[in-house]
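Asks: Structure in structure tokens, see below.
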Amino acid sequence: MTLNEGHLVGVVTRIALIRSTASLRLALVSVGILFGLSLALFHWVGFILAGFTIGLFAASVKEAMVAALFVWIVVLITFLGYATWYGQLDRVFSLGELTFLALILPLALIFLGAAVRTVT
Amino acid sequence: MPFSLTRRRLLAGGIAGGLAVLAVPSVREYIDLLAPGSGGVWGDLGPAPSGTIDGPYGDATVRYDEEGVPHIEADDERALQYAHGYVQGYDRLFQLDLFRRQLRGTLSAVAGEVTVESDEFHRRLAFERAAEANAAAISRTETASILEAYVAGINTAKADLTAPIETSLLEYDIDSWTMTDSFLIEKLMAWELTGSFRTLRRAALAETFSPSIADDLYPSRYDHDVPVLPGGRDAIMDRSSPNWSPPPAAVNWLSSFEPPAGQGSNCWVVSGEHTASGGPILANDPHLSLMAPPIWYEVSLETPSFATRGVTFPGTPFVVIGRSRHAAWGFTNVPADVMDFYSFEVDDEAYRIGDDWLAFETDEATISVAGGDDRTIERRFTNHGPFIDRHDAEVAIQWTGFGGTRTIAAIRDMQWVDGHDSLLEAVDQWDLPPQNFVYADIHGNTRYQLIGKIPIRRTDGEAVRGDQLFDGSAGVGRWDGFEPYTVPTWDGFIPLDELPHAVDPAVVSNANQRIVDDPLHYHAEIHATPYRAERLVDRLDAAVADGSIDIESMIALQQDIHDALAEAVSPELAEMADTADLDAVHEALDDWDYQMRTDAWAPLVFELWLDRFRTLAFTDPLEAAGLDDSYVPSDWILANLPADHDWFSTAGDRDALVTEALEWAASEAAEYDDFGSFQQTQIDHPFEVGFLSYPRYPMPGSTHTLKNFRRDPTIGPGWQQVIDLGSEEAYGRLAGGNIGRVLSPHYADQLTAWIEGNYKPLDWSPTETRRLEFRGTSS
């Protein structure tokens, strides 16, 4: 076993520990989502990062997918709620296909990040 | 396990594929645009600017009303205009940049190949040099210092606030605004109202067909009896036939940069002796291009020394059309002849004037092209202006707009006008574009005045008409007191008191028709067809007779949709439809009241017939001769050119063409439910993409109705106002929305009310929905 392989085993072991510890898992996923969504205010990579955190620490693939869907719904509610609050909802929907694409886009990016659960 | 490993490899490949897609530049560009939170499209999502901001020129308060109209107050005019610049710099920033790029000839730097020809035209005419001459014309005046503050406000907004969505789409940053840029906007509006190559087209028509055909298709006046000011003066000099012509291809090219045909306006004033309130009522609705956002910007400005409310152009700091506390004013276009064309004997680098050979002033201009190769053009200038040598043309263009004009000072001085004397002082500075100006005040004064500088062309000391092509080498058609790209003295131009005017008229109205039958000076090649004017005069006369003139009746008059052209030709059409066994068409036209209603079928048939007959009788034969559709004569000619005219030996038998157009209209009309399903608003953003353009709605009216609407290009009353100086009530409506940010609730919030003719009060005290405070940072 090389030094790098040793580190890798250590990382995998720690991730497995986090995945099996509900409170720790919840805390890290929450922090990751918050950080990712905050970053998404400035760059869309934040959506991938939020999804990646979910995928990395979720207990199962199913849990990762459900959590990713939940985060997307939170993004939708926040985005549309914000537009509603400032009286811009009808203007947002006046953009038609662009708005539809914009609403689907976070789903795709979050799921892309969360898909890491399927290979780890 | 082998299966699990394979599945994981497949999934890992899927993730890698997904990431690889994100690495594709065009995909990343879309995500950069659309991602919620960071996407460029969403920059305006959330609160519009509000709160407290530094005000380097002093305190000012901006209160936005329920329709996104800023009401700006300050003790100092510079502080006021800094705040005004700031709000325009947010509300209309992209439009400002678009307009200046058009006139500077720098559109291609952001739009690419598609605008190269436009850039070349605007570079060759050197509008930016003309705008610089404007700056020289008002330098060291108070107006210049006010404009400086306004420009600073635009630049602060540009630096501090979110960029418009359009710049995200085109991926560029907007440069700082300058005083010259504001003058470019003035030049743009002047070009929109006076830029005309009709003289060249008439010459090309004469060359291609015959001088008599050219004269009849392009007459110098329409035979009607509703001039603005009835009664004549001295007879004007005769018209001459063209003696040379640039190649049609060159005229086609130049004509493609003309403003769209059909721009005009309605304006009238009724004195207090005929109104319910006992004070004058003034109404005005200018018909310019309709676009999203509108060409007009609604604003209210107030200092202790004046208050104005109305509309201005983005890039212009003062109210152009509107009201003050004690007066109201409005305009229609004349349209004056302020552009002449000169041929020269040319020898490489020089052109001859009399016995002298003068070197062309030359330079090179480089047109940057986004995604393409830059173009460099050599520009040549004569003492009469830019020398155009495209498509084998060799013609110099002289336009009053190439001089330094002071119109902005006139607009500013309107803020204080309170009677005839101060009015004349203000409008004497109005150099361009010449306008029919209508005025009324709370003291009961009313006035009609043609304003603007119009040249008296001289050949051997004698005044000559301007609708001819001049031999520049022979020194004919000279304008005294004018040199392009400098500040003119205007010595050889028509003095203000020799332009048509009426002091305290009881009723005066204007719909761009002929002003007087025999003007003292030549001032226009042709005025508008009289269809709107006839209707306006008839209805105003009737209203005066029955004493029913108040705000409501004048708004109703602006909304009138009676088509006088339809009234003139429909009986003949109905008869020919009967002969052609087009029973439904015959019945519809026979029973029609000539109202261009959206829920009716007859106006649909009529408009379809008109379009088709115009094509068959004019567009097609002109195109067959190599002349584009800019040569198509007016609808007056279409309706009145006799069947035995020489033209129809070229175009075909008139009656056969009328019938063919009727048959086509009957067939085409079956595709629509009614006129409203055919004629829709179609008010688009310059990008012509759906989400930036206004939604379509059925639109009543036509190009010949007072409620004016042209489908293509879209033209209409972008601003409507009716002001009663007796009751001091005022009502108006903007076509679209005041804030040009697509996510703003005020992007299109006035549109349906505008279509319905539902006006709003133009109050001084708004219901505040948002506030900006500018706090002075220096004395």
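The values are calculated or read from the model by the stated rules, or taken from the named source; none is laboratory data. Worth saying up front: this structure is predicted, and the values here are computed from it rather than measured. Cβ: placed from backbone, ideal geometry, glycine included. Neighbour counts: every protein chain shown.
Asks: Which residues, taken from the range B:728-753, are hydrophobic (A, V, I, L, M, F, W, C), within 13 Å of chain A (Cβ to nearest Cβ) and in a loop (DSSP other than H, G, I, E, B)?
Replies: Correct list: B:I739, B:V742, B:L743, B:A748.
Asks: Of the residues in the range A:82-99, how many are hydroxyl-bearing (S, T, Y) and more than 7 Å from every other protein chain (Cβ to nearest Cβ)?
Replies: 2
Asks: When you scan the range B:183-271 for helices (runs of 4 or more DSSP H) that lie fully inside it, which ones turn up with 1 or more residues that are of a type in the set (S, T, N, Q) and closer than 22 Å to B:V338 by Cβ?
Replies: B:198-208, B:248-255
Asks: Test A:W72 against the criterion of being more than 10 Å from every other protein chain (Cβ to nearest Cβ), of a type in the set (F, W, Y) and surrounded by 16 or more Cβ atoms within 10 Å (Cβ to Cβ), and give yes or no.
Replies: yes
Asks: Which helices (runs of 4 or more DSSP H) does the range B:95-180 wholly contain that include 1 or more residues that are in contact with a helix residue (DSSP H, G or I) (Cβ under 9 Å, 6 or more places away or on another chain), surrounded by 21 or more Cβ atoms within 10 Å (Cβ to Cβ) and of a type in the set (S, T, Y)?
Replies: B:108-111, B:142-160
Asks: List the strands (runs of 3 or more DSSP E) inside the range B:408-467, counting only whole elements, that have at least 3 residues being at pLDDT 95 or above.
Replies: Passing ranges, in order: B:435-441, B:446-451.
Asks: I've got another one for you. Which of the residues belonging to the range B:16-60 are on the phi < 0 side of the Ramachandran plot and assigned to a strand (DSSP E or B)?
Replies: Answer for the range B:16-60, where residues must be on the phi < 0 side of the Ramachandran plot and assigned to a strand (DSSP E or B): B:T52, B:I53, B:D54, B:G55, B:A60.
Asks: Going by the structure shown, is B:V487 farther than 17 Å from B:D431 by Cα and either not charged (D, E, K, R) or not assigned by TED's automatic domain parsing to the domain that holds B:H420 (or both)?
Replies: So B:V487 does not fit the description; no.
Asks: Among the candidates A:G32, A:G36, A:G46, single out the residue that is touching a Leu at 6+ places or on another chain (Cβ under 8 Å), away from chain B (no Cβ under 14 Å) and buried (at least 19 other Cβ atoms within 10 Å of the Cβ).
Replies: It is A:G32.
Asks: Return a yes/no flag: does the range B:33-54 have any residue that is more than 12 Å from chain A (Cβ to nearest Cβ) and touching a Gly at 6+ places or on another chain (Cβ under 9 Å).
Replies: Within the range B:33-54, one or more residues are more than 12 Å from chain A (Cβ to nearest Cβ) and touching a Gly at 6+ places or on another chain (Cβ under 9 Å).
Asks: Now a separate question. Only one residue in B:P713, B:P761, B:P717 is surrounded by fewer than 17 Cβ atoms within 10 Å (Cβ to Cβ), of a type outside the set (D, E, K, R) and under 21 Å from the mean Cα position of the chain (by Cα). Which one?
Replies: B:P713
Asks: Taking the options B:L11, B:L80, name whichever one is within 11 Å of chain A (Cβ to nearest Cβ) and either within 27 Å of B:P761 (Cα to Cα) or not in a loop (DSSP other than H, G, I, E, B) (or both).
Replies: B:L11
Asks: On the given criteria, is B:G46 over 29 Å from B:P488 (Cβ atoms) and either of a type in the set (S, T, N, Q) or in contact with a Leu (Cβ under 6 Å, 6 or more places away or on another chain) (or both)?
Replies: No.
Asks: While we're here: Among residues belonging to the range B:411-422 that are touching a residue at least 40 places away in the same chain (Cβ under 8 Å) and surrounded by fewer than 24 Cβ atoms within 10 Å (Cβ to Cβ), point out the one that is nearest to the chain's Cα centre (by Cα).
Replies: Applying the filter and picking the extreme gives B:Q415.
Asks: How many residues are in contact with a Pro (Cβ under 8 Å, 6 or more places away or on another chain) and surrounded by fewer than 18 Cβ atoms within 10 Å (Cβ to Cβ) when one looks only at the range B:44-68?
Replies: Summing the residues that are in contact with a Pro (Cβ under 8 Å, 6 or more places away or on another chain) and surrounded by fewer than 18 Cβ atoms within 10 Å (Cβ to Cβ) in the range B:44-68 gives 1.
Asks: Still on this structure, I have one more. Within the range A:100-110, how many residues turn out to be more than 9 Å from every other protein chain (Cβ to nearest Cβ) and farther than 24 Å from B:L751 by Cβ?
Replies: Number of matching residues: 3.
Asks: On to the next question. Where in the range B:614-710 are there helices (runs of 4 or more DSSP H), lying fully within it, with 3 or more residues that are closer than 24 Å to B:N266 by Cα?
Replies: Output list reads B:635-640.
Asks: Okay, moving on. For the range B:450-458, state whether one or more residues are over 19 Å from B:W329 (Cα atoms) and surrounded by fewer than 18 Cβ atoms within 10 Å (Cβ to Cβ).
Replies: Checked the range B:450-458: at least one residue is over 19 Å from B:W329 (Cα atoms) and surrounded by fewer than 18 Cβ atoms within 10 Å (Cβ to Cβ).
Asks: Report yes if some residue within the range B:437-454 is in contact with a Cys (Cβ under 7 Å, 6 or more places away or on another chain) and β-branched (V, I, T); otherwise report no.
Replies: Scanning the range B:437-454 turns up at least one residue that is in contact with a Cys (Cβ under 7 Å, 6 or more places away or on another chain) and β-branched (V, I, T).
Asks: Hey, can you tell me all the residues within the range B:17-32 that are under 37 Å from the mean Cα position of the chain (by Cα) and within 7 Å of chain A (Cβ to nearest Cβ)?
Replies: The answer is none; no residue qualifies.
Asks: Within the range B:370-382, identify whether any single residue is among the hydroxyl-bearing types (S, T, Y), in contact with a Leu (Cβ under 7 Å, 6 or more places away or on another chain) and touching a residue at least 12 places away in the same chain (Cβ under 8 Å), and answer yes or no.
Replies: No, there is no match, as no residue in the range B:370-382 is among the hydroxyl-bearing types (S, T, Y), in contact with a Leu (Cβ under 7 Å, 6 or more places away or on another chain) and touching a residue at least 12 places away in the same chain (Cβ under 8 Å).
Asks: Another question, if that's okay. On the given criteria, is B:W636 away from every other protein chain (no Cβ under 14 Å) and closer than 30 Å to B:L536 by Cβ?
Replies: yes
Asks: Just give me the residues in the range B:476-487 being in contact with a Ser or Thr (Cβ under 8 Å, 6 or more places away or on another chain) and in contact (Cβ under 8 Å) with a residue 60 or more places away in the chain, in sequence order.
Replies: Answer for the range B:476-487, where residues must be in contact with a Ser or Thr (Cβ under 8 Å, 6 or more places away or on another chain) and in contact (Cβ under 8 Å) with a residue 60 or more places away in the chain: B:G477, B:F482.
Yes or no, residue by residue, for (1) of a type in the set (G, A, S); (2) modelled with pLDDT under 95; (3) surrounded by 16 or more Cβ atoms within 10 Å (Cβ to Cβ):
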site: B:W609; (1), (2), (3): no, no, yes
site: B:W647; (1), (2), (3): no, no, yes
site: B:L657; (1), (2), (3): no, no, yes
site: B:A661; (1), (2), (3): yes, no, yes
site: B:Y672; (1), (2), (3): no, no, no
site: B:N708; (1), (2), (3): no, no, yes
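Asks: Another question, if that's okay. Within the range B:273-356, which strands (runs of 3 or more DSSP E) (wholly inside it) include 2 or more residues that are among the β-branched types (V, I, T) and within 27 Å of B:S553 (Cα to Cα)?
Replies: The strands (runs of 3 or more DSSP E) meeting that bar are B:306-312.
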